[in-house]
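Structure first, commentary second.
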Amino acid sequence: MTTEGEPPVILWFRRDLRLADNPALERAHATGRPIVPVYIHDEGSAVRREGAASLWWLDKSLRALSARLAERGATLILRRGDSDAELRRLITETGAQTVFMNRLFEPDASRRDSDIAHDLKAEGVECRGFNGSLLCRPGAVLNGTGGPYKVFTPFLKSLRAQAEAPPHTTGPTSFGAVATLDSDTVDDWGLHPSDPDWSKGFDWTPGEAGAVEALRRFTLSALKTYSVGRDRPAEIGGSRLSPHLHWGELSPWRAWTAVEEAERAGQAPAAEADKFLAEIGWREFSAHLLHHFPTLPERAFRPEYDAFPWLDDDTGFTAWTRGLTGYPIVDAGMRQLWATGWMHNRVRMIVASFLIKDLLIDWRRGEAWFWDTLVDADLGSNSQNWQWVAGSGADASPYFRIFNPVTQGQKFDAEGRYVRRWVPELARIPNKWVHAPWTAPPEVLREARIRLGHDYPRPVVDHAEARDRALAALKAISGGARADD
């Protein structure tokens, strides 16, 4: 029920593009006033802009959210420009005295939001922020000395001990009547790529309904063998929930409780459920680390790695981005990324290790490429995961753990199905040589119709030599090294 004559409240959507389990929406509805939902495509702040693949997702997710709101009699107002200026314009147009939002916890976004809230409060407009994206807000999970956890296992234990699931909500059925307001259309923003449209292979269903369906499919199938499937790139063994979680089409609590319910119902072994919940915890760990250590995307968490002797190898970097390194598992992953906006979990680690340790290219270049090409690009997770592979992050894999791209392929794609799908040049080569075609006898290459250096590249670097080079570089900054393939 709305209160007659009262000004509306503004609901500022950001990365919470859902109606269910949306705390800001629930609190806005509880006021009894009409709700003005708005999304601002911010082009005027210091907050890092979304990459191209993320903008593709945003295009579809906003359309889905707009349709769901329309079903409930509400119109999603779209504005483009500086968030502060556009909010002020909307406040003037509506007479609203309260803005509800789910908080963004990345440092630049958090500072921007705090500045906006402070300035609006001075003018009599209240900004109310809630946690709609994490199990616990950053700063709530601290160690015994009151500081942030830097090791994952005790963080996860503490998180699970104190995090409490809120009740599931479906969102209001009515938003109240408001006057017609000016709004852009999603088409106005040109978020979908053109000339060329490189997204034709993006097999995703963005939006809240797509997120709920993805969660349902996961709990009924892949969850049963999650710990194994997430390492087998030829299989659909992961959850594929990461972009839905990033854009807030799905609350992490809903994913968490759905998996717990599946385990209790006997749909998945407890060990598989725990493995997935640990991955939700790792996402949480990354977000909390970014909050406490805001330079994580730009600076090594371990300062000694800032002196690492990276190479300025544009040729190697280009070969990596195009999937032309000559190492099939690496090339398959990079081509899958470009074609679908996503890459399998195990392969992400392999391609990152190859860039950092075989090519000695700065992890920040890889992070920037992933930021632009992943539909699930997330500042905390992306930065933390790249630093984890580089050995420079919190609770990171040690730098001396250097993945051998050949043995990794043989172990996790033994029949070469993943490689053959994404590197069709190698479709005819026998399994024995599919992960190292340069070792195949000439007659095998001829029969497979492969001319190395023409149909498929020779390796851009010898892995054994590259490993020795990487370990020497590590020794230069740390005084010691060891290898671990």
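Out of everything in segment 304-321 that is among the hydroxyl-bearing types (S, T, Y) and surrounded by 13 or more Cβ atoms within 10 Å (Cβ to Cβ), what residue ends up being modelled with the highest pLDDT?
Looking only at segment 304-321, we keep the residues that are among the hydroxyl-bearing types (S, T, Y), and these are 305, 315, 318, 321.
Checking which are surrounded by 13 or more Cβ atoms within 10 Å (Cβ to Cβ) leaves us with 305, 321.
Details: Y305: 93, T321: 98.
My answer is T321.
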ask   = Of everything in segment 199-227 that's aliphatic (A, V, I, L, M) and closer than 18 Å to A262 by Cα, which residue is surrounded by the fewest Cβ atoms within 10 Å (Cβ to Cβ)?
value = L220
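Matching residues to (1) at positive phi; (2) in the same structural domain as D274 (by TED's automatic domain parsing); (3) without any contact (Cβ under 8 Å) to a residue 40 or more places away in the chain; (4) of a type in the set (D, E):
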site: R160; (1), (2), (3), (4): no, yes, no, no
site: G176; (1), (2), (3), (4): yes, no, no, no
site: D188; (1), (2), (3), (4): no, no, no, yes
site: S194; (1), (2), (3), (4): no, no, yes, no
site: T219; (1), (2), (3), (4): no, yes, no, no
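Among L324, L355, L359, L337, which is crowded, with 19+ Cβ neighbours inside 10 Å and touching a residue at least 40 places away in the same chain (Cβ under 8 Å)? Don't jump to the end; show me each part of the working.
Numbers: L324 fails: crowded, with 19+ Cβ neighbours inside 10 Å; L355 fails: touching a residue at least 40 places away in the same chain (Cβ under 8 Å); L337 fails: touching a residue at least 40 places away in the same chain (Cβ under 8 Å).
When all the criteria are applied, what remains is L359.
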query = What tally of residues in segment 1-24 results from selecting those that are part of a loop (DSSP other than H, G, I, E, B) and either touching a residue at least 12 places away in the same chain (Cβ under 8 Å) or touching a strand residue (DSSP E or B) at 6+ places or on another chain (Cβ under 8 Å) (or both)?
reply = 15
message = Exactly one of these conditions fails for E164: (1) closer than 27 Å to L11 by Cα; (2) exposed (fewer than 13 other Cβ atoms within 10 Å of the Cβ); (3) at pLDDT 95 or above. Give me its number.
response = (3)
request  = For segment 399-420, state whether one or more residues are over 25 Å from A234 (Cα atoms) and in the same structural domain as A352 (by TED's automatic domain parsing).
outcome  = yes
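Within segment 383-416, take every residue that is without any contact (Cβ under 8 Å) to a residue 60 or more places away in the chain and in a helix (DSSP H, G or I) and give me the one that is surrounded by the fewest Cβ atoms within 10 Å (Cβ to Cβ).
Taking segment 383-416 as the starting set, the residues that turn out to be without any contact (Cβ under 8 Å) to a residue 60 or more places away in the chain are 386, 388-389, 397, 410-411, 414.
Pick out the ones that are also in a helix (DSSP H, G or I) and you get 386, 388-389, 410-411.
Values: W386: 27, W388: 21, V389: 25, Q410: 17, K411: 14.
Top of the filtered list is K411.
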note = Those residues of segment 25-37 which are in a helix (DSSP H, G or I) and surrounded by fewer than 24 Cβ atoms within 10 Å (Cβ to Cβ) amount to E26, R27, H29, A30
ask   = Filtering segment 251-285 down to residues that are within 13 Å of the chain's Cα centre (by Cα) and among the hydrophobic types (A, V, I, L, M, F, W, C), which residue is surrounded by the most Cβ atoms within 10 Å (Cβ to Cβ)?
value = I280
ask   = Quick one: would you say G248 is of a type outside the set (V, I, T), crowded, with 21+ Cβ neighbours inside 10 Å, on the phi > 0 side of the Ramachandran plot and at pLDDT 95 or above?
value = yes
ask   = Which number in (1) outside any loop (DSSP other than H, G, I, E, B); (2) more than 20 Å from R27 (Cα to Cα) marks the one condition that A117 misses?
value = (2)
key: Odd one out for T295, checked against (1) hydroxyl-bearing (S, T, Y); (2) over 17 Å from G139 (Cα atoms); (3) not in a helix (DSSP H, G or I)   = (2)
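Report the residue count in segment 221-273 for those that are of a type in the set (S, T, Y), farther than 25 Å from N22 by Cα and either touching a helix residue (DSSP H, G or I) at 6+ places or on another chain (Cβ under 8 Å) or part of a helix (DSSP H, G or I) (or both).
Going residue by residue through segment 221-273, those that are of a type in the set (S, T, Y) are 221, 225-227, 239, 242, 251, 257.
Then drop every residue that is not farther than 25 Å from N22 by Cα, which leaves 221, 225-227.
Retained after the next criterion (residues that are either touching a helix residue (DSSP H, G or I) at 6+ places or on another chain (Cβ under 8 Å) or part of a helix (DSSP H, G or I) (or both)): 225-227.
Number satisfying all stated conditions: 3.
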request  = Return the pairs, sorted by first residue and then second, in which the second residue is modelled with pLDDT under 95 and surrounded by fewer than 16 Cβ atoms within 10 Å (Cβ to Cβ), the first residue lies in segment 84-101 and is on the phi < 0 side of the Ramachandran plot and of a type in the set (D, E), the beta carbons are less than 9 Å apart, and the residues are 6+ apart or on different chains.
outcome  = D84/G44; E86/G44; E93/A179
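Within the group V444, V460, which residue is touching a residue at least 60 places away in the same chain (Cβ under 8 Å) and β-branched (V, I, T)? Full working, then the answer.
Numbers: V444 fails: touching a residue at least 60 places away in the same chain (Cβ under 8 Å).
Result of the check over V444, V460: V460.
The values are calculated or read from the model by the stated rules, or taken from the named source; none is laboratory data. Quantities reported herein were computed from a predicted structural model and do not represent experimental measurements. Neighbour counts are summed over all protein chains in view; Cβ atoms, including those assigned to glycine, are modelled from backbone coordinates with ideal geometry.
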